[in-house]
Amino acid sequence: MSFDTRNGTRGRRQPGTGGPIGRWVAKRVINRVRRNGKVPGLGFDALVLTTVGRKSGLQRQTPVGWFPGQDDSWLIVASAVGAARNPAWYYNLAAHPDQVWIEMPGGKVAVTAEQLHGTERDQAWRQITTAAPRFAKYQQVTDRELPIIRLVPRAN
């Protein structure tokens with residue numbers, strides 16, 4: 001499955017973690033997700049996604065919401081809260097789909113990332129927006145189709 005979602009031309013401002021305050025907040029959120037799998041106020045479970053930077057080659061960690069997929073997989077949405085551009089971690093996944101890890105309370109799991117398309121994506125989208133209607137709102141403010149990524153446990 002290919003990672004082929006193009007950036008849009010309209011949407012919200014990309015959320016950022018730049019600067020010392022943003023990095024401090026991000027670190028606190030990541031630590032909370034590692035402890036209890038939640039981010040206050042989101043209303044759904046979260047995990048820490050570790051990717052390898054497509055340009056830097058460095059490991060990058062991002063807290064993201066997740067939803068249960070088929071066959072013990074996890075579904076995540078590259079929404080960037082409805083920004084016009086895909087989040088940086090989407091491009092990291094595209095460049096290195098087999099160098100991805102997730103962390104939740106209970107441990108770290110090596111996974112492989114694949115983008116959903118067609119009927120699979122439609123079914124997952126209905127599941128996600130039923131569980132977390134905010135994603136439907138994110139889709140309304142941007143003209144790009146929000147990518148849905150399935151994370152499947154990787155055999156080591």
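The values are calculated or read from the model by the stated rules, or taken from the named source; none is laboratory data. Bear in mind that the values here come from a model prediction, so they are computed numbers and not experimental data. Glycine gets a Cβ as well: all are built from the backbone with ideal geometry, and neighbour counts include every protein chain shown.
The residue list Ala113, Ala124 contains one member that is assigned to a strand (DSSP E or B), touching a residue at least 24 places away in the same chain (Cβ under 8 Å), of a type in the set (A, V, I, L, M) and more than 24 Å from Arg23 (Cβ to Cβ), which is Ala113.
The condition of being touching a helix residue (DSSP H, G or I) at 6+ places or on another chain (Cβ under 8 Å) and within 23 Å of Asp122 (Cβ to Cβ) holds for only one of Val64, Val52, Val39, that being Val64.
Total residues in region 73-127 satisfying the condition of being touching a helix residue (DSSP H, G or I) at 6+ places or on another chain (Cβ under 8 Å), charged (D, E, K, R) and surrounded by fewer than 18 Cβ atoms within 10 Å (Cβ to Cβ): the figure is 0.
Looking only at region 79-126, which residues are over 18 Å from Gln59 (Cα atoms) and among the aliphatic types (A, V, I, L, M)?
Taking region 79-126 as the starting set, the residues that turn out to be over 18 Å from Gln59 (Cα atoms) are 79-86, 105-106, 114-126.
Within region 79-126, Ala80, Val81, Ala83, Ala84, Leu116, Ala124 meet the criteria.
Only one entry of Gly43, Gly65 meets the criterion of being out of contact with any Pro (no Cβ under 8 Å at 6 or more places or on another chain), surrounded by 19 or more Cβ atoms within 10 Å (Cβ to Cβ) and at pLDDT below 95, and that entry is Gly65.
Can you tell me how many residues in region 108-156 are charged (D, E, K, R) and more than 25 Å from Arg10 (Cα to Cα)? Give the steps one after another, and end with the answer.
The initial filter retains those residues of region 108-156 that are charged (D, E, K, R), namely 108, 114, 120-122, 126, 134, 137, 143-145, 150, 154.
When the remaining residues are screened for being more than 25 Å from Arg10 (Cα to Cα), the result is 108, 114, 120, 150, 154.
Qualifying residue count, region 108-156: 5.
Taking Glu145 and the conditions (1) assigned to a loop (DSSP other than H, G, I, E, B); (2) surrounded by fewer than 18 Cβ atoms within 10 Å (Cβ to Cβ); (3) more than 15 Å from the chain's Cα centre (by Cα), which numbered condition does it fall short on, given that it satisfies the others? Of everything listed in (1) assigned to a loop (DSSP other than H, G, I, E, B); (2) surrounded by fewer than 18 Cβ atoms within 10 Å (Cβ to Cβ); (3) more than 15 Å from the chain's Cα centre (by Cα), Glu145 misses just condition (3). Applying a threshold of 8 Å to beta carbon distances and a minimum spacing of six or more residues, or different chains, the list of pairs starting in region 81-98 at a residue that is in contact (Cβ under 8 Å) with a residue 24 or more places away in the chain and over 13 Å from Leu49 (Cα atoms) and ending at one that is aliphatic (A, V, I, L, M) and assigned to a helix (DSSP H, G or I) reads Asn86/Ala80.
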